[in-house]
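Since the structure comes first, as structure tokens, the remarks are kept for the end.
The values are calculated or read from the model by the stated rules, or taken from the named source; none is laboratory data. This one's a predicted model, so the numbers in the text were calculated from it and none came from an experiment. A quick note on method: Cβ atoms are made from the backbone with ideal geometry, for glycine too, and the neighbour counts reach across all protein chains shown.
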Amino acid sequence: MARAISPQRKFLTTGAAWAVGLLIFFPILWTILTSFKTEAQAIASPPIFLNFDWTLENYAVVQERSNYVRFLMNSIIIAGGSTLLGVIIAVPAAWSMAFVPSKRTKDILLWMLSTKMLPAVGVLYPMYLIFIKLGLLDTRTGLVVVLMLINLPIIIWMLYTYFKEIPGEILEAARMDGANLRSEILYVLTPMAIPGIASTMLLNFILAWNEAFWTLNLTAAQAAPLTAFIASYSSPEGLFYAKLSAASTMAIAPILILGWFSQKQLVRGLTFGAVK
Amino acid sequence: MGQIELKQVTKSFGEVQVIPPLDLTIHDGEFTVFVGPSGCGKSTLLRLIAGLEDITTGHIEIDGVDATNLVPAKRGLAMVFQSYALYPHMTVRKNIAFPLKMAGIDEKTQKEKIDAAAKALNLTDYLDRRPGQLSGGQRQRVAIGRAIVREPSAFLFDEPLSNLDAALRVGMRLEISELHKKLATTMIYVTHDQVEAMTMADKIVVLQAGVIEQVGSPLELYHHPRNTFVAGFIGSPKMNLMTGPEAAKHDSATIGIRPEHITVSKTEGLWKGRVGVAEHLGSDTFIHVHDTGLMDMMTVRITGDIAVNHGDTIYLSPDMDRLHRFNAKGDRIA
């Protein structure tokens, strides 16, 4: 039974939720606002909130000085490529762990997750040397591989939990119906897990898009994605907050929009009705 | 053809042997029911035949061919699961088409077979719906349709009716029996419901703890149960089993008498007891009798109605020709 909630209580909890939401969103809002200020207004003390001369000058300068589209394309290819590659590897891995577990499956899952606890900088040096040796430095291919490896444990974990919810009898039915392993995964498991796979892919796309450590350290000019685009406005000539904010806004806009529109697509529910 | 032979088949999960060495032959066209209490290994046995579980030792032959190491898809069997196990993302048509698609059958033949199956199972109007939009009975029919189109050498049913309500269950039971008459294909049916076993089977296999207690026709099991377990399991209400002096009078350790083989009188009879609960079904009356001094509670089945009340004293007379005698090991004495 649903508990009765008094109007006052509802008002307070709604207010609190909005306050937390705004608090989390505030840095992004501030970045967006700053991107429309002049450099002087951007560093003014006390800070100016809304009462400034709105200008698009920063965007014009950023657009003029850097090739935004090239960075954007690199981000899309690196984030998309690593996510796609990760899912292709993770689906069979998660399948075996969910449906033919061994005694060690839980250990393997935990061990994979433990690799996420290692500070990335700890393996920077060996990774850098490997990249030089393989000629992968400043290439999209290199970044696709490295970001895929970094996010693979999370992809496998997420898919594993989704697959665990799919009744094994449906896969057994497919086997009885003459499906081999490939058909079973392709025609039965994957379509049933699409909501799960989609949300996994979306999350990993966002993680890869925002990844800054490896993308900054392993690229120079050719393969640099939007994280490098932002960084390029923070160092050489001192800090230009307004231009940095404009660059940041341009870098995060695509992923913000993607996240906003895909929310509703991630609702699960396709697997209901198969098994009572 | 659909003859299935199990030769010295065993199954262990780790250290635990759930099926001790077992031999069984299921003849072509036979409707065989595996029945037993839950955990007796009947579903495991079915899954071994299907190939969904690997047998630990022994051999399985299907139509004389060793199928022990064949994957499920290559055994030519079709299975209907308790949970229906339909593909939720496919329409009914695609569900039924799936095994045909896997077999690489051309679309025209697929359509013909699907239409024929849908017609036979009253599914024609539902072909474009998804499983989620169907009732339990319709889903079960789709699962059967998916099995039929493959034209398998045998059908395997794993408690297919236990998710349905009582009325639907009776209907589906008849449909499956009729299907068997029409197709004359081997069917192996797992259930814990002895009524399903009695009404559908040509041959019943009673299992307990992975061991076959008896194999026979329903009436053979009813009239000549090989031991006290089968005697107690087959028949509803259960057979009254008594030990002690009353059994000793008949030179046996245990005697059994079915509830329907006892007559009730208010004035005289061999045994005396007190009425506990009387269940009036209209067609029959089940009287649960206490204080007979023979067993905790004896059940008597009377055809029609009888006016007895809680606490009444009644007299019971067993039909001595229908008395079952068992020795100390529980085995039948001829």
Next on the checklist: Taking the criterion of being under 26 Å from the mean Cα position of the chain (by Cα), buried (at least 19 other Cβ atoms within 10 Å of the Cβ), touching a residue at least 12 places away in the same chain (Cβ under 8 Å) and outside any strand (DSSP E or B), would at least one residue in region B:275-284 satisfy it?
Outcome noted: no
Checklist entry - From the list B:ASP54, B:ASP23, which one is outside any loop (DSSP other than H, G, I, E, B) and either at positive phi or surrounded by fewer than 20 Cβ atoms within 10 Å (Cβ to Cβ) (or both)? => result B:ASP23
Next on the checklist: Could you tell me how many of the residues in region A:164-189 are more than 7 Å from chain B (Cβ to nearest Cβ), part of a loop (DSSP other than H, G, I, E, B) and crowded, with 21+ Cβ neighbours inside 10 Å?
Outcome noted: 1
Checklist entry - Does B:ARG150 satisfy the criteria of being in a loop (DSSP other than H, G, I, E, B) and in contact (Cβ under 8 Å) with a residue 40 or more places away in the chain? => result yes
Next on the checklist: When you scan region B:55-77, do you find a residue that is in contact with a Phe, Trp or Tyr (Cβ under 8 Å, 6 or more places away or on another chain) and either at pLDDT 95 or above or at the interface with another protein chain (Cβ under 8 Å from one of its Cβ atoms) (or both), even just one?
Outcome noted: yes
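Yes/no per residue for (1) within 29 Å of the chain's Cα centre (by Cα); (2) in a loop (DSSP other than H, G, I, E, B); (3) not assigned by TED's automatic domain parsing to the domain that holds B:GLY64:
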residue: B:ILE105; (1), (2), (3): no, yes, no
residue: B:LYS108; (1), (2), (3): no, no, no
residue: B:GLY137; (1), (2), (3): yes, no, no
residue: B:VAL142; (1), (2), (3): yes, no, no
residue: B:ARG146; (1), (2), (3): yes, no, no
residue: B:LEU156; (1), (2), (3): yes, no, no
residue: B:LEU161; (1), (2), (3): yes, yes, no
residue: B:MET187; (1), (2), (3): yes, no, no
Checklist outcome for this item: Every listed condition ((1) hydroxyl-bearing (Ser, Thr, Tyr); (2) modelled with pLDDT under 90; (3) closer than 18 Å to B:MET320 by Cβ) holds for B:SER252 save (2)
Next on the checklist: Just to check your reading of the model, which residue among A:LEU239, A:LEU202 is more than 14 Å from chain B (Cβ to nearest Cβ) and farther than 21 Å from A:LEU152 by Cβ?
Outcome noted: A:LEU239
Next on the checklist: Checking the structure you have, find out if any residue of region B:29-51 is basic (Lys, Arg) and under 18 Å from the mean Cα position of the chain (by Cα).
Outcome noted: yes
Item to check | Selection within region B:307-325 - within 32 Å of the chain's Cα centre (by Cα) and part of a loop (DSSP other than H, G, I, E, B) | outcome: B:ASP319, B:LEU323
Next on the checklist: Take B:ILE105 and tell me if it is touching a strand residue (DSSP E or B) at 6+ places or on another chain (Cβ under 8 Å) and within 14 Å of chain A (Cβ to nearest Cβ).
Outcome noted: no
